[in-house]
Amino acid sequence: MSISTLARVRTRFPSALLVVLGLAAGFGIAQGTGIRALGGAVFALCGLAAAWLWVERRGWAVAVGLGILYVLAFVLAHVLALGAGLPAWLAASVVTLSSARVTYMMADASRTAAPAR
């Protein structure tokens, strides 16, 4: 992979997709395999990859804010499922879609509107 290809991936790849993968795929893997640590590993790796993109694109302040949102979404899914009695898949879906939307608006939307070079 050339340097220019890597630069395009860094600037065009939607970090909101990593949020969706971390929350939804992490949940699905944990549920499907019964190994919660495996789902947690997917959650952590996707979060780290997204954080790297956030720092590159928007700086540390936005990256820290979106990182807190990402972790709070994980916690909120558990609160909704265990505390409020929602089905686990519904709780995970609600927080995933909400977090992805905020992430897209904060980190990705301005990048897609930028003119191509």
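The values are calculated or read from the model by the stated rules, or taken from the named source; none is laboratory data. The shown structure was predicted, so the numbers you read here are calculated from the model rather than taken from an experiment. No Cβ is skipped: glycine too gets one built from the backbone with ideal geometry, and neighbour counts run over all protein chains shown. Side chains included, ligands, DNA and RNA excluded: accessible areas come from the protein's heavy atoms. Shrake-Rupley method; radii C 1.70, N 1.55, O 1.52, S 1.80 Å.
Overview of values
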| quantity | calculated |
| --- | --- |
| Test: residue in segment 108-117 that is among the small types (Gly, Ala, Ser), in a helix (DSSP H, G or I) and at pLDDT 95 or above | no |
| Any hit, segment 41-64, residues being touching a Pro at 6+ places or on another chain (Cβ under 8 Å) and assigned to a helix (DSSP H, G or I) | no |
| Qualifying position, being within 13 Å of the chain's Cα centre (by Cα) and exposed (fewer than 15 other Cβ atoms within 10 Å of the Cβ), among Leu90, Leu48, Leu53 | Leu48 |
| Every pair of residues 6+ apart whose Cβ atoms lie under 6 Å, when the first sits in segment 76-100 and is without any contact (Cβ under 8 Å) to a residue 24 or more places away in the chain while the second is β-branched (Val, Ile, Thr) | Leu76/Val95 |
| Test: Ala100 is at pLDDT below 95, open to solvent by less than 40 Å² (accessible area, probe 1.4 Å), among the aliphatic types (A, V, I, L, M) and out of contact with any Gly (no Cβ under 9 Å at 6 or more places or on another chain) | no |
| Subset of segment 27-41 [touching a helix residue (DSSP H, G or I) at 6+ places or on another chain (Cβ under 9 Å) and under 18 Å from Pro87 (Cβ atoms)] | Phe27, Gly28, Ile29, Ala30, Gln31, Gly32, Arg36, Gly39 |
| Residue list for segment 21-43, restricted to those being under 10 Å from the mean Cα position of the chain (by Cα) and either more than 17 Å from Ala77 (Cα to Cα) or open to solvent by 50 Å² or more (accessible area, probe 1.4 Å) (or both) | Leu21 |
